[in-house]
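Since the structure comes first, as structure tokens, the remarks are kept for the end.
The values are calculated or read from the model by the stated rules, or taken from the named source; none is laboratory data. As the structure is a computational prediction, the values presented were derived from the model and not from experiment. Cβ placement follows ideal geometry from the backbone for every residue including glycine, while neighbour counts extend to all protein chains displayed.
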């Protein structure tokens, strides 16, 4: 999550994760949402095509967080009407707030594997009770990265303490280069009872 590392990647245009548009899996999921008032977060958003799509489709409570100033500048130049107070330029792990839905798109694979347990806990901390973490996780061996891959069994170990894993299956609508190499997930935060 080193800020300088990601700024250098953006400066060098080393952004191979960038699809140039909305992820088909996330678009399909968003398109079936009925409640446009929910609070949605996109962490490690990069060019934030999903945020642009959500905003254009009436999801006015969409928020993004990104560590790279260059990525934020790129998004703001493309989407000048997006509310500035919905843009957080900081480390995801320093973010506070409560959201109903968090969309995962090539953020988990960008963080060092040593941070994966902290990622799962932080996601749960940021979600309201029964809030959802929805998105894509890479299904290929964990090697040097980023991007860092992993296995279903490994991922289950991180998320089951905090989430009910409602959907965890091979994505059928990935972009062609990633077809058969991504899991589509819908993880629902476990109910926290206050006594």
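Would you point out the residue of the stretch 77-89, among those that are over 15 Å from residue 54 (Cα atoms) and in contact with a strand residue (DSSP E or B) (Cβ under 7 Å, 6 or more places away or on another chain), that is surrounded by the most Cβ atoms within 10 Å (Cβ to Cβ)?
So the residue we want is 88.
With the structure loaded, tell me whether residue 60 is more than 20 Å from residue 111 (Cα to Cα) and either surrounded by 12 or more Cβ atoms within 10 Å (Cβ to Cβ) or over 13 Å from the mean Cα position of the chain (by Cα) (or both) or whether it fails that test.
yes
Residues being exposed (fewer than 14 other Cβ atoms within 10 Å of the Cβ) and touching a strand residue (DSSP E or B) at 6+ places or on another chain (Cβ under 8 Å): count how many of those fall in the stretch 173-195.
Count: 3.
Take the stretch 163-172 and flag every residue that is surrounded by 15 or more Cβ atoms within 10 Å (Cβ to Cβ) and farther than 9 Å from residue 186 by Cα.
Once the filter is applied, which keeps residues that are surrounded by 15 or more Cβ atoms within 10 Å (Cβ to Cβ) and farther than 9 Å from residue 186 by Cα, the stretch 163-172 yields 163, 171.
Would you kindly identify the helices (runs of 4 or more DSSP H) lying entirely within the stretch 33-141 that contain at least 2 residues that are under 27 Å from residue 165 (Cβ atoms)?
Qualifying helices (runs of 4 or more DSSP H): 49-56, 116-126.
May I ask you to list pairs of residues, at least six apart or on different chains, whose Cβ atoms are under 8 Å apart, with the first in the stretch 178-195 being farther than 26 Å from residue 28 by Cβ and the second being part of a strand (DSSP E or B) and at pLDDT below 95?
So the pair list comes out as 191/129; 191/130; 192/129.
Every residue, every condition in (1) at pLDDT below 95; (2) touching a strand residue (DSSP E or B) at 6+ places or on another chain (Cβ under 9 Å); (3) surrounded by fewer than 20 Cβ atoms within 10 Å (Cβ to Cβ), yes or no:
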residue	(1), (2), (3)
107	yes, yes, no
121	no, no, yes
134	no, yes, no
140	yes, yes, yes
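From 100, 94, grab the single residue that is surrounded by 14 or more Cβ atoms within 10 Å (Cβ to Cβ), out of contact with any helix residue (DSSP H, G or I) (no Cβ under 9 Å at 6 or more places or on another chain) and modelled with pLDDT of 90 or more.
Criteria check complete, one pass: 100.
Which residue pairs have Cβ atoms closer than 6 Å, lie 6 or more positions apart in sequence or on different chains, and pair a first residue in the stretch 141-162 that is within 21 Å of residue 189 (Cα to Cα) with a second residue that is at pLDDT 85 or above and in a helix (DSSP H, G or I)?
Between residues of the stretch 141-162 that are within 21 Å of residue 189 (Cα to Cα) and residues that are at pLDDT 85 or above and in a helix (DSSP H, G or I), the close pairs are 158/116; 158/117; 158/120; 159/120; 162/120; 162/124.
What's the number of the condition residue 72 fails, among (1) closer than 21 Å to residue 133 by Cβ; (2) free of Cβ contacts under 8 Å to residues at least 60 places away in the same chain?
All conditions are met except number (1).
Determine whether residue 21 is in a loop (DSSP other than H, G, I, E, B), touching a helix residue (DSSP H, G or I) at 6+ places or on another chain (Cβ under 7 Å), farther than 18 Å from residue 109 by Cα and at pLDDT below 95.
For residue 21, the condition - in a loop (DSSP other than H, G, I, E, B), touching a helix residue (DSSP H, G or I) at 6+ places or on another chain (Cβ under 7 Å), farther than 18 Å from residue 109 by Cα and at pLDDT below 95 - is met.
Any chance the stretch 47-55 includes a residue that's surrounded by 17 or more Cβ atoms within 10 Å (Cβ to Cβ), over 29 Å from residue 180 (Cβ atoms), at pLDDT 90 or above and touching a strand residue (DSSP E or B) at 6+ places or on another chain (Cβ under 8 Å)?
Yes: the stretch 47-55 contains one or more residues that are surrounded by 17 or more Cβ atoms within 10 Å (Cβ to Cβ), over 29 Å from residue 180 (Cβ atoms), at pLDDT 90 or above and touching a strand residue (DSSP E or B) at 6+ places or on another chain (Cβ under 8 Å).
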